[in-house]
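I have placed the structure first, in the form of structure tokens, so that the comments after it can refer back to it.
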Amino acid sequence: MAIERWEPFRELATLRDMINRVFEETWTRLGRLPTAVELLGPPVDLSETDTEIIVKAAVPGLKPEDLEVSVDDGLLTIRGEVREEKREEGARHYYRELRYGRFERSIRLPAPVDESRAEAKLEQGILTIRLPKTQPSARRTIKIQTA
């Protein structure tokens, strides 16, 4: 009987392959895999200056009435809907890759903001949201009294 060297990483790779196969078979039975936009919403850039937080989201082809932006307790949420255009009767489609439907993207903001002064602007398919920062409440020391 030959002695074989044990390689734990080979067993992990086999386990990973089995899990991948299960997920692939599940999605194949259910239909197509969801796209990144369906899973995550639009791609977003988030930056911060000394005075504000700036969020830019790519929402090509959407109008302001197709979007909703809200901020609640430090959580920015962008909701929207991409509506399907009318289909031409008798047209033969060779590719149908554009996705239609609702999407939502929520982002935890890195600093407290003044929600009442937030501004959103849609220009050339880029939604820019400016959120002025508020000063965090100062640390307060509480004096302990004796009974």
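All of the numbers you see were taken from the coordinates with simple rules; none came from a lab. Every value quoted in this text rests on a predicted model; they were computed, and no experiment measured them. Backbone-built Cβ (ideal geometry, glycine too); neighbour counts: all protein chains shown.
Which of the residues belonging to segment 54-77 are charged (D, E, K, R) and assigned to a loop (DSSP other than H, G, I, E, B)?
Matches in segment 54-77: LYS63, ASP73.
Taken together, THR128, THR146, THR141 contain a single residue that is of a type in the set (S, T, N, Q) and surrounded by 10 or more Cβ atoms within 10 Å (Cβ to Cβ), which is THR128. The number of residues in segment 116-147 that are in contact with a strand residue (DSSP E or B) (Cβ under 7 Å, 6 or more places away or on another chain), among the aliphatic types (A, V, I, L, M) and not in a strand (DSSP E or B) comes to 1.
Residues of segment 97-125 that are surrounded by 15 or more Cβ atoms within 10 Å (Cβ to Cβ), within 24 Å of VAL59 (Cβ to Cβ), over 17 Å from the mean Cα position of the chain (by Cα) and not small (Gly, Ala, Ser): VAL113, GLU115, LEU122. Each residue in segment 39-60 was checked for being free of Cβ contacts under 8 Å to residues at least 24 places away in the same chain and basic (Lys, Arg), and 0 pass. Residue selection: THR49 fails the criterion of being surrounded by 12 or more Cβ atoms within 10 Å (Cβ to Cβ) and among the hydroxyl-bearing types (Ser, Thr, Tyr).
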